[in-house]
Structure formats: C-alpha cells, structure tokens
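See structure below.
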Amino acid sequence: MKTINLKGLVRRDVTPLLEEEGRLRAIFGKDGGKIQLICPADLAYRYLVVDTTVEAPHSVALELNFFNPGAGEFKLGYRFGLLPGLKTRVCIDLALIDSRTIFTPRTPGTLKMVVHGNRMEPGEVDRIEFGIHPCVDDVTLLLEDAYLADEMPAEFPIPEGKYVDEFGQWTGRDWPGKIHTEEELQESLFALRQNGKPLATRTRWGGEAARKLCEGKGFFKTLKTPDGRWHLVDPDGYEFYSLGVDCINPGDNPRIDQYPTLCEFPPEPWKSVCGDDHSFRYTESNLRRVFGEDWMNAFREIAENVLLEGGWNTVANWSNPIFRTGEKRIPYVWQPDIFPTTDLKIFRDFPDVLSEEYEKDAIRRAEALREARDDPWQIGYFLRNEPEFAFVPNLLIADEAIRNPADSACKRGILQKLKEKYGNIVSLNAAWGSSFQSFEEIGEQKAGIETRFPGAKADLKELSVYLVEAYVGIPSKACRAVDPNHLNLGMRWAVANSPEQVAGWQNFDVFSLNNYSFDPTPLMNFAVGCGVDLPLMIGEFHFGALDRGLPATGLKGTASQADRACALRGYVEKAAAHPNAVGVHWFQFCDQNIAGRFDGENYQIGLVDVALRPYPEMMAASRESALALPGVKNGEAPAFDEPFEEIPMIGY
C-alpha cells in the first residue's frame, strides 16, 4: 500500500481551497480541470482508492486519463459518475488500461464507470490526469485519504441520509409535476389511463394513410422508390416511418444495495412485494398502490396512451413483453437472445466466429424467433446491441486474433488465408517488411502486428472484414431460416469509425446504429459512404436537462425541458430528411432513478418521469414531428431546425 500526498500536486485549471497531505478541496474548472493524482510508476499497484465528495447541485462525471509522451489527447481513459454531496469511496482498477472491457463492476456509492480508448502498456504511459469531464459549471471536489493498493478496500462506507423518496423521486429538489402524496399519485395515474388519441392520419399499423407505396405483403417490408429514398411499408403497403421508444417498462429498478441507507420505501405490503435486498421497483410499487393486482394492465394502457398521444408508432427495444401479447395497438421491434457466442473470446466480446461452436450456437439461438414469426405486428428483430469490441477506435479484429495466445479457429483461418495469398513466407515478409521464419510464427506473436509492421495493415484490414462478415453473416443466415417473414434490423452499432466495421451489411434488411448527437446526418452519411445501400435506423438517442427531477443529463445535455423538446424535433426531422432513414428510436420511456439502474446510469432522459408523468414539452414536440414526418421524409417540407441551448453532458 502507498499513501498519496494530496499537497502540491501538478494541476491545470484547478484552484485549491484547502491543501493538506490527506485532504484536497479544490475548484475544478468547468472545461475539465485536472490534477496529476498518480504517476506512471504507480501502475505497479492494482487499485487507486480515494474518498471523493462532489460539492455541487448535480452529479459529476469524473475522469482518469492516460497519455502517451507529448500527446495532447489521452489514449485511454476511465469515466465515472458520483452523486452530489455524497462522500464516496472511489476504487479504480488500474489493470484495465489493457482495455479488456469497457464496463467495470460497480462498487457501493459509485455510479456507472466505463473505460474508453485504446489499450496501453504501463511502460508507454507518460502522464495520468484525474479530474472532471467538461461540465456546465465549475465543480468543487473534496478528495481525502487517497492511496494505492493491490487489494480492493474491505469497506465502502455510505453516509446516512435519504436521497430517494417513497415514490422513487429525488428528495433533494422540488419541481413542477413532482408527486408529494398518494392522492396526487392516484389522480395522475387514473387520468393517464384514459384513452390516448392516435393521429387521425395513421393506418391501424401506424403507417401514413395517405401514402400507399405498394401492395401489402402481410408483414412490414422495405422499399426503395425511384427517387432513391428507402422506406418501410406496413403490412397493407402504406409508408411507415418508425418513431419508436426504447425500454417501455414500469421504471428502472435502482440498485439499493449500492445505497443501503439512502432510500425511503412505501408502506407494507408494497415494500415487501416490490423489492429485495438488491433492488426496488418503485414504479411498480406506485402502480400497485393505485391499481392493485391490475397494475400491469394499467401500465400497458398508460404507456400506449402516452405513445399514441405523442405520435410514436413503435414499441422499441427492451420493452416489456406484454406489448407483444393480446390485442396490440402499436407495432414492435425486439431483440430476443439470438446472437451466438463461444467460450473463447478473441477480444472483449468478439467470439471465435470461424469455429463450429459459433455456427451451432447461432442455429440453436435463432429458434427464439419462432414464437413470433407469424405476427404481423412485429416490424423486425435486432441481432444484438452495441458490440463491445467495436468501441475501441480503429481496432483491427484480425490483429487481436493473432495476438491472442489461444489456438482459435479465427487464428487458424487467418493463417490459411495468408498462405493462400502469398504461397510462401518470403513473399509475405517482402510485403510486410517482416522477417518471420514461418506462417506459424505469425500466430505466436504476443504483440500487435499492425504497429510493428505497417506493411501488414492492408492484409489485416482485409482479414478483419473476413471475420466481421462471419460475425454477422452466420447468425443472420440462421435467423432467416427460422423467420423469413420479418426484417433483420442489424447490430445497433454504438460507433461506426471504419469501413471494416460495417462489413457484412448485405446480410441485413435494415442497417442500425445508435447515435448520441444532435444531428444524426453525419453518421448516416458515413455508413452510406462505406457502401451501405440499405434503409438506416437509429436505435438509440436522447437528450436530458437538469431542471426536473434528476442530477444528470445523459449523453447529450440541454439547458431546459423546452430546449430538450426543441432538440428532439430537430433530431427526428433531420434524420427523416435523409434518403436512407426509416426510423429513430428514443432511449428511453421512463426517467432513470436517482440511485442508478443496474449499472449506475441515473439520467433525466425519459418521456415520462419515475411516477409516469409525461413531460408536456416532449409530448408536444414528438406529436408535431410525427405530423411533419411524411412531408420531411419525402422532400416536400424542410426539417425543423430552430436553435436551442446545449450544455455539456453529465453522463458516464
């Protein structure tokens, strides 16, 4: 163990208010103030531990960033969130600079922590900076009792106090629409259960009744019109633009085991019925208190009413299965457990895709599609969401397969491809500028090929395409064999930064991307520029604000609910104006809980709050966009483009 002296640390844009060996209280500048809390030699230890208090009216995203010599931008960084005013024992696993994972396990008090960037070796780290991600204002932090160790702390103390009230709301602030009594809760939920008002211009499927594009096929299909625009059509052949909402569930269930003393609970029997020692279902509890055993039917009716009132026409990913049963009012997409894997991983979550195990698992998992293969209300299915390996910028998965010490089918397939191309090792060495004695020696490399032999890059790109095509092609083929009726909606890539990553797009009916920005046009243009000639669908986007209910904005921040609504209209309509776009799906239906969902996200990103009260600004904006979409989609009207105030995100 090594104690860290907090006095006299190298800093930038940081103003000390109190400086002692064991305590540092300082103002960190809003543009991203940083201190050099540890040095490269400290990477000999496994864990960095520091008690941290955020003295601000909102949550803060903190960072630990690692730099190469002379670099202005960090190569790898950790980002994590803390609640305001809560002294938290932060524990950071320094071994994760090898980029083996993007998501780290939670420890009590800390919100979500992620690892961004490219793998680093301890010897290449020149400096390490700790501080805040750019924020809406300057932030005062109190750091205490910092140290390095090879073992995690035995205890993670949490102070007393209540952050969550009995309805699941933040106790630290009041706002318009906040529920204060059970009577207010009853009045609100009863009103929301009344009939919603769908757009009169829509077909029963949510398509555009004035725009029949073809004869119906009985299921949702894609169509490219002579003007070069891609479309979805509903089962009767009418144009359908998928305006969807993800995660339509009765709330996120906060991890109360992370904050054992900070949560208030409703009276019995709801406390026992709706929770355990791990998590508590506050929104379910609210519904049960008002509707009793009919609570789930009430939730379905409330959610459908909110969607129809707002002009939404798609129940999107990770929504409650109740929307796929009984008498349906809104079409849906889904993502059953259909994507194959293998025991051996090449890098992060990338499987050994050339193995027999991968193909067999694809065939087995595809059977999950059978239950809904004849349902005309299903638009289609996503294969999976946000592959973790693809978060690493400029990753060549073939290089990772070579350096992985396992005798994988991917490695064997790569070596066979190289033998077929070059015939002998002399020819390969001439092309790569290498001096291998045999093809087998290539497979024994523990360090990356690309950085040591620049001449190999073209082959590594080609081989990466080979692997990614197998990665998406094998499960796509298996799924098509089970369900030929519905659309394969692709992979929901979180980032798209190279043509190699979009390889295999020909296997999909729709190419899907998640895109957290204020304008999805550049990302859609990138996909098209990589050769993707398919309809494009955005699987996730959102904006949050700090003026209602929660202390974090999510991955894009706006100054107010009015700005948030303006940003929503701009995004939806700019997407619709793109000739390839066929839908955008908002993430998510309900605000997250102040205490954080399973991984610690606590964002104000819902169309409704934790008590299911809709945000009126968002409802009005989505309905206005829904009415405008047919004209915007077909180039007959301009997309909404009015200014709004953006603020730095508070997200992790």
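Some observations on this one:
- Test for LEU534: is it open to solvent by 10 Å² or more (accessible area, probe 1.4 Å), at pLDDT 95 or above and closer than 21 Å to GLY177 by Cβ: no
- Per the listing LEU308, LEU287, the residue uniquely in contact with a Pro (Cβ under 9 Å, 6 or more places away or on another chain), in a helix (DSSP H, G or I), under 22 Å from SER622 (Cα atoms) and in contact (Cβ under 8 Å) with a residue 24 or more places away in the chain is LEU308.
- Picking from residues in segment 90-123 that are among the aliphatic types (A, V, I, L, M) and either at pLDDT below 95 or outside any strand (DSSP E or B) (or both), the one that is surrounded by the most Cβ atoms within 10 Å (Cβ to Cβ) is ILE97.
- Pairs are defined by a Cβ separation below 9 Å, a sequence spacing of at least 6 or placement on different chains, a first member in segment 199-225 that is surrounded by fewer than 14 Cβ atoms within 10 Å (Cβ to Cβ), and a second member that is in a loop (DSSP other than H, G, I, E, B) and of a type in the set (Asp, Glu); the pairs so defined are GLU215/ASP236; GLY218/ASP236.
- Taken over segment 566-586, residues that are open to solvent by less than 10 Å² (accessible area, probe 1.4 Å) and either of a type in the set (A, V, I, L, M) or touching a His at 6+ places or on another chain (Cβ under 9 Å) (or both) amount to 9.
- Residues in segment 52-75 that are touching a Lys or Arg at 6+ places or on another chain (Cβ under 6 Å), open to solvent by 10 Å² or more (accessible area, probe 1.4 Å) and farther than 17 Å from LEU262 by Cα: GLU63, ASN68.
- Which numbered condition VAL608 misses (of (1) open to solvent by less than 10 Å² (accessible area, probe 1.4 Å); (2) over 23 Å from GLY177 (Cα atoms)): (2)
- Selection within segment 257-284: residues that are part of a helix (DSSP H, G or I) and of a type outside the set (Asp, Glu). The member of this set that is farthest from LYS197 (Cα to Cα) is GLN258.
- Checked against the criterion of being touching a strand residue (DSSP E or B) at 6+ places or on another chain (Cβ under 7 Å) and assigned to a helix (DSSP H, G or I), the candidates SER476, SER464 yield just one match: SER476.
- All conditions in (1) touching a residue at least 40 places away in the same chain (Cβ under 8 Å); (2) exposed (fewer than 13 other Cβ atoms within 10 Å of the Cβ) hold for ASP126, with the sole exception of (2).
- Condition met for GLY596 (buried (at least 24 other Cβ atoms within 10 Å of the Cβ), at positive phi and part of a loop (DSSP other than H, G, I, E, B)): yes
- Considering segment 18-37, the residues that are over 30 Å from the mean Cα position of the chain (by Cα) and of a type in the set (A, V, I, L, M, F, W, C) include one that is nearest to LEU48 (Cα to Cα), namely LEU24.
Conditions (1) of a type outside the set (Phe, Trp, Tyr); (2) more than 29 Å from PRO499 (Cβ to Cβ); (3) at pLDDT 95 or above, marked per residue:
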| position | (1), (2), (3) |
| --- | --- |
| VAL333 | yes, no, yes |
| ASP343 | yes, yes, yes |
| ARG348 | yes, no, yes |
| ARG364 | yes, yes, yes |
| ILE379 | yes, no, yes |
| GLU386 | yes, no, yes |
| ASN394 | yes, no, no |
| ASN404 | yes, no, yes |
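- Taking the criterion of being open to solvent by 50 Å² or more (accessible area, probe 1.4 Å) and in a loop (DSSP other than H, G, I, E, B), the residues of segment 422-436 that qualify are GLY423, ASN424, GLY433, SER435.
- Some residue of segment 504-523 being of a type in the set (Asp, Glu) and open to solvent by less than 10 Å² (accessible area, probe 1.4 Å): no
- ALA552 meets the conditions (1) touching a helix residue (DSSP H, G or I) at 6+ places or on another chain (Cβ under 6 Å); (2) hydrophobic (A, V, I, L, M, F, W, C); (3) assigned to a loop (DSSP other than H, G, I, E, B); (4) open to solvent by less than 10 Å² (accessible area, probe 1.4 Å) in every case but one. The failed one is (1).
- The condition of being open to solvent by 40 Å² or more (accessible area, probe 1.4 Å), over 26 Å from the mean Cα position of the chain (by Cα) and closer than 30 Å to LEU489 by Cβ does not hold for PRO235.
- Residue in segment 76-87 that is over 26 Å from PRO159 (Cα atoms), in contact with a Phe, Trp or Tyr (Cβ under 6 Å, 6 or more places away or on another chain), among the aliphatic types (A, V, I, L, M) and buried (at least 16 other Cβ atoms within 10 Å of the Cβ) present: yes
- Within segment 478-495, considering residues that are in contact (Cβ under 8 Å) with a residue 60 or more places away in the chain and under 26 Å from GLY413 (Cα atoms), the one nearest to the chain's Cα centre (by Cα): TRP493
- Residues that are open to solvent by less than 60 Å² (accessible area, probe 1.4 Å) and in a loop (DSSP other than H, G, I, E, B), drawn from segment 174-192: TRP175, GLY177, LYS178, ILE179, THR181
- Selection status of ALA366, over 21 Å from the mean Cα position of the chain (by Cα), crowded, with 16+ Cβ neighbours inside 10 Å, closer than 30 Å to TRP205 by Cα and not β-branched (Val, Ile, Thr): yes
The values are calculated or read from the model by the stated rules, or taken from the named source; none is laboratory data. From a predicted model like this one, the values you see are computed outputs, not experimental measurements. For neighbour counting, all protein chains shown are included, and Cβ atoms are generated from backbone atoms with ideal geometry for every residue, glycine included. Heads up: the accessible areas ignore ligands, DNA and RNA and are worked out on the full protein's heavy atoms, side chains in. Shrake-Rupley method; radii C 1.70, N 1.55, O 1.52, S 1.80 Å.
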